[in-house]
Structures are given as structure tokens and as C-alpha cells.
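Chemist: One structure, as C-alpha cells, below. Some questions next.
The values are calculated or read from the model by the stated rules, or taken from the named source; none is laboratory data. Fair warning: this is a prediction, and the values are worked out from it, not measured in the lab. Cβ sites come from the backbone with ideal geometry, for glycine too, and all protein chains shown count toward neighbours. Each accessible area value is taken on the protein alone, full model and side chains, heavy atoms only, with ligands, DNA and RNA left out. Shrake-Rupley method; radii C 1.70, N 1.55, O 1.52, S 1.80 Å.
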Amino acid sequence: MQATVVPLASPRRDVARYEADLIEVTRRVIASGSYIGGPELDALEKGLARSIGTEAVTGVGSGTDALIFAMQAAGVSRGDEVIVPSHTAGPSVAAINALPATPVFVDVEFDTACIDVNCVAAAIGRRTKAILAVHLYGHPARIDELVRLAADRGVSVIEDCAQAQGARLMDRPVGSFGRFGCFSFYPTKNLGAIGDAGAVAGSAAGVSLVRQLRTYGWREPQFAEIPGGRCSRLDELQAGFLNVRLKGLDEDVRARREIARAYNERLAGLPIALPVEHKGAYHAYHLFVIKSDRRDALKEHLAKSGVMTSIHYPFPAHRQPGLAAGSRTEGTLDVTDRLQQQILSLPIFATMSRGEVDRVAEAVRGFFGD
Ligand SMILES: Cc1ncc(COP(=O)(O)O)c(C=O)c1O
């Protein structure tokens, strides 16, 4: 075992680059006396709208809340069905259950692990109200095709961009295709806060409705126009931190892509499947996920070599009772089950050093006797 471990992600190192700026933000916010709904949030919402390319953005308390409010604003409610991949982070599905609506699980593409458009087409029925397109690992789903398909059927597309901040398709940022784009600023994400936070992007009217839903249903202070039993806001401190990090987002995504390029070069020729990038896609590499028939042994070997890895995700949603109760599945989930046996996430984060990439690559090569 080597003395130092290569972490899977390092929010600490990513944030450390900005420590002086973040302390300055903290002083500014403390001095302002405005801790909720002030100039920092205003600047962040405008900056995000510019970066995502939507009319408006509103901050909320987390990525999960972003999904819940976006689906509510799209009119999804009890009895409605929402088509979602089973191969996703649990919160994508938990948000549907929270409405409460019915998740309809469909399969994903083997190469990108994103939702399979043909499976979605087969799953759309009378009760379908929305499609939750997850841009998993940072690769854009076939969102242009999904939006076309949904428009023909009178269905809304909600984008789960939690893992794909900075990703694009045909040069257009994810989050700008569907009715709403939902983002998470969980610390390990491409744009990470120092705590929980999220955002919803969309049209001015749509985002204004989300703003009401996230604050007691208020149209203006103390006047509840619509039922809204929730309060989920993005505070001034987190907004200030995120303003600092938003300036470096494009560069951070470029750094992730450079790490991915280096991995692809050093791991070429091994009996593993490397991540792909479809034509026209700009992968944001939130995660670098390889596939191997010998995944568990490889994982163990890497752990012994001081390389942290993870499995995103070890349990598909349709196999988790807390997510699958009340759901239904359309077609088979064979690809989902196959992926779950083979996937392994290698370390990747903006401040990962070239030496660390080399160490990971050498350890992987070593496992295959290379
Ligand atoms: C794909 C996906 N959707 C939703 C979420 C939920 O975001 P949060 O943890 O900010 O609630 C996450 C993050 O964990 C995610 O990876």
C-alpha cells in the first residue's frame, strides 16, 4: 500500500484554490446583513442563466428539490407517470416519488449509460406526463431527440443535469433543451458549493412558478397564491461561494476533459471499455466510468494500490424497495443489470495532478499484467 491515497474526488483541494476569495465573500455577506435573497443570489441566478442559456434560473436548497419543484411546475402530480432510467442516482427517482407520481423505469444505452430513446418511445402512454432525462456521468443524453419525441406526444422533458454542469450537445448547454434543467451544487459536483444547494433553469414564467413553489407558494411576500408547503432556498453565503466557482467552471470542465484524455491514452488496449463521447457531445466528465468483466477484482486491486474507486451505482432503482414501490417497468432492464456488474468509477476531479492520473493508470495496467 502506498502512503498517499488517490481520492475519487477532492472537494477540499478544489475549494482550496479559492480560499482567499471565499473568505472575502464571507466577510462581505456578514457585513451586508442580508443572508437570504440578496445580491449574491441575484448575481448567481443571472450568471447561471447566461452560462446555461435559459431565460431564467432560480436557486433552491438542493438538486433533489430542483427536480421536485421542476416536475411540480410542469404539472406532474399524483397518478401521473414519469419515465426515468433505473440506472441513475437515487434522488432522480426519489423526486418523482415525492410528488407523488409513478416512476416508469426504462433501460439505458450501454455505451453512455444515458436513457435509451427507443425505450422511452415504447414507454410513453396515456398517463405519461414527463420524461426525466438524466445526463449521467456528465455525458449529455440524446436530449434533442427526446424533446422532439415528447413534443409530438404532449409530454414535458425535465433534464437532470446534476452530474453534467458544463456539458453540451451540438454546442448547446444541457439544461436549456427541456422544459426545465435541474442542477445540484453538492460539493463533489462540477460546480460544488460548501454545503447543499441546487438550481432550476427554464423560461421566465416557468422559473417564476418554481420560485413560488420553493417559498411557501408566495407570489409576493406574505401572499400565498398557490399551495406551497415547502421552503427550500439557496442562501447568500453559498450563492457567494458559487459565484466565485462559476467563474472557473469552464476551466474546471476543461481540466476534467484533459484528465479523461490522459486516461484514455494510458488505458488504451486493455480489456476494459473506456467512456465514449458521442458525435456532437461535449462530455463534462463528472465521473470517469470504465467497464470490466473483472470489476470486483480490479476494484480490490486498486484499493490495495491506494486508488479509491466507486460504483455509480451498485443498486439500480428498480431493485431498491425504497425507490421502486409503486413504480412500473417498461420493457427489459438488461443493459441496466449488465452495467451494474461491470461499471467502475476511477478518480477524477479538477485539481487531480498528472502524477495521480499516472498512478491510477499504472495500477489499472498492473492488474491486467501490462
Ligand atoms: C443524477 C443526480 N440527480 C440528482 C441528484 C441530487 O442532488 P442533491 O444531492 O443536491 O439533492 C444527484 C446528486 O447527488 C445526482 O447525481
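Chemist: Within the stretch 261-278, which residues are under 18 Å from the mean Cα position of the chain (by Cα) and among the hydrophobic types (A, V, I, L, M, F, W, C)?
Modeler: Selection gives Val276 alone.
Chemist: While we're on this one: Find the residue count for the stretch 185-205, including only residues that are open to solvent by 10 Å² or more (accessible area, probe 1.4 Å) and not in a loop (DSSP other than H, G, I, E, B).
Modeler: Matching residues across the stretch 185-205 total 2.
Chemist: Residues of the stretch 70-107 being among the aliphatic types (A, V, I, L, M), assigned to a helix (DSSP H, G or I) and within 16 Å of the ligand (Cβ to nearest atom), which ones?
Modeler: If the condition is that a residue be among the aliphatic types (A, V, I, L, M), assigned to a helix (DSSP H, G or I) and within 16 Å of the ligand (Cβ to nearest atom), then Ala70, Met71, Val93, Ala94, Ala95, Ile96, Ala98 are the ones that fit.
Chemist: Please name all residue pairs, on different chains or six or more residues apart, with Cβ atoms under 7 Å, provided the first residue is in the stretch 259-286 and is without any contact (Cβ under 8 Å) to a residue 12 or more places away in the chain and the second residue is part of a loop (DSSP other than H, G, I, E, B) and surrounded by fewer than 19 Cβ atoms within 10 Å (Cβ to Cβ).
Modeler: These pairs meet every condition: Asn264/Leu274.
Chemist: Would you confirm whether or not the stretch 236-246 contains a residue that is charged (D, E, K, R) and open to solvent by 30 Å² or more (accessible area, probe 1.4 Å)?
Modeler: no
Chemist: Every residue in the stretch 311-334 that is open to solvent by less than 30 Å² (accessible area, probe 1.4 Å) and in a helix (DSSP H, G or I), please.
Modeler: Result: Ala317, Leu323, Ala324.
Chemist: May I ask you to verify whether Leu344 is touching a helix residue (DSSP H, G or I) at 6+ places or on another chain (Cβ under 7 Å), surrounded by 20 or more Cβ atoms within 10 Å (Cβ to Cβ), in the same structural domain as Arg294 (by TED's automatic domain parsing) and assigned to a strand (DSSP E or B)?
Modeler: yes
Chemist: Restricting to the stretch 94-118, count the residues that are open to solvent by 20 Å² or more (accessible area, probe 1.4 Å) and over 13 Å from Leu132 (Cα atoms).
Modeler: So the count comes out to 7.
Chemist: For the stretch 275-308, name all the residues that are open to solvent by less than 20 Å² (accessible area, probe 1.4 Å) and part of a loop (DSSP other than H, G, I, E, B).
Modeler: Correct list: His283, Ala284, Tyr285, His286, Leu287, Ser292, Gly306.
Chemist: Phe110 passes all but one of (1) within 19 Å of the chain's Cα centre (by Cα); (2) outside any loop (DSSP other than H, G, I, E, B); which number fails?
Modeler: Result: Phe110 fails condition (2) only.
Chemist: Is it the case that the stretch 22-45 has a residue that's part of a helix (DSSP H, G or I), modelled with pLDDT of 95 or more and closer than 19 Å to His286 by Cβ?
Modeler: The answer is no; no qualifying residue exists.
Chemist: Looking at the stretch 148-162, which of its residues are farther than 20 Å from Pro85 by Cβ and open to solvent by less than 20 Å² (accessible area, probe 1.4 Å)?
Modeler: Matches in the stretch 148-162: none.
Chemist: Residue by residue through the stretch 117-145, note down the ones that are away from the ligand (no atom under 16 Å from the Cβ), in a helix (DSSP H, G or I) and of a type outside the set (Asp, Glu).
Modeler: Passing the criteria: Val117, Asn118, Cys119, Val120, Ala121, Ala122, Ala123.
Chemist: Does any residue of the stretch 163-179 turn out to be near the ligand (Cβ under 8 Å from one of its atoms), surrounded by 23 or more Cβ atoms within 10 Å (Cβ to Cβ) and part of a loop (DSSP other than H, G, I, E, B)?
Modeler: Scanning the stretch 163-179 turns up at least one residue that is near the ligand (Cβ under 8 Å from one of its atoms), surrounded by 23 or more Cβ atoms within 10 Å (Cβ to Cβ) and part of a loop (DSSP other than H, G, I, E, B).
Chemist: Say whether the condition of being surrounded by 20 or more Cβ atoms within 10 Å (Cβ to Cβ), closer than 23 Å to Ala89 by Cβ and not hydrophobic (A, V, I, L, M, F, W, C) is met by at least one residue in the stretch 222-230. Show your work before the answer.
Modeler: Just the residues of the stretch 222-230 that are surrounded by 20 or more Cβ atoms within 10 Å (Cβ to Cβ), to begin with: none.
So far as the stretch 222-230 goes, no, none of its residues is surrounded by 20 or more Cβ atoms within 10 Å (Cβ to Cβ), closer than 23 Å to Ala89 by Cβ and not hydrophobic (A, V, I, L, M, F, W, C).
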